[in-house]
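Remarks on the structure that follows.
The values are calculated or read from the model by the stated rules, or taken from the named source; none is laboratory data. Just so it is clear, the model here is predicted, and its values are computed rather than measured. Positions of Cβ are backbone-derived with ideal geometry, glycine not excepted, and every protein chain shown enters the neighbour counts. To get the accessible areas, we keep the full protein, side chains included, count just its heavy atoms, and leave off ligands, DNA and RNA. Shrake-Rupley method; radii C 1.70, N 1.55, O 1.52, S 1.80 Å.
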Amino acid sequence: MTLYGYARVSTEEQSLERQLDALEARGVLREHIHKEKASGASERRPVLDHLVTDVLATGDTLVISDLDRLSRRTARIILTLDELASRKITVESLYERVDTSTADGLFSVTILGALAQRERDRIAERTRAGLEAARARGRHPGRPVTVTPEQHETVLMLRGLGKSYRQVAAATGLSASTVARVCREETPGHGRYRGGQQAPLQS
């Protein structure tokens, strides 16, 4: 049962010190604080993904200064909190005073978990609706599959949390093979599509 901290700033010019001071005041040892400099506009969080997937274990507590350190996107915050709660890992956000070890905190996670499931269901529903609309117009979509931004984000986040291709496919409404192509950046509309139909996207 260990306290771990996560601190993030968006640019090299910004300082982590305010967050580090707050985490240490909570009792997190400096050697247990994972630091990252990553743009808030980007969903790439390799340090956070490593912490969530490879470091945190049942009974541990993740302490952050505020929830938007995890992501700017509400959907990803909710999915991350839901994932950690399912593994019995406590999350404390010092600014919002969220503590999932308390009864109120657990209630909040229950609500967030329901919202997370709703987000997964909505992604799957939008995918099915798109396929049905295409079939109604006489089109029979197959490869290559166009992946929505919501599906793309959810695939990368769930894979970062260690979910299998099949688990990610079930959550997003995509096939396991499409999930694998998303991770390899081989789907049209995102990343470095190598199917010969799209040039590399600018970052």
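Computed on protein heavy atoms with a 1.4 Å probe, the accessible areas place LYS35, LYS163 in the order LYS35, LYS163, largest first.
Atom-type composition of the exposed protein surface of the range 27-105 places 48 percent of the accessible area on carbon and sulfur (1.4 angstrom probe).
Compared with the direct C-alpha span, the chain from SER177 to GLU125 gains 16.8 nm at full extension, assuming 0.36 nm per residue. A simple spin-label model places pseudo-atoms 7 Å from Cα toward Cβ; at ALA133 and ASP68 they are separated by 3.2 nm. Using 0.36 nm per residue and subtracting the Cα-Cα separation, the extra length available between ARG97 and ALA38 on full extension is 18.8 nm. Only protein heavy atoms count here; on that basis, with a 1.4 Å probe, ARG137 has an accessible area of about 150 Å².
Amide H contacts of VAL98 (H built 1.01 Å from N, in plane; Pro and chain starts excluded): SER93 sit under 5 Å, all sequence-distant by 5 or more or on other chains.
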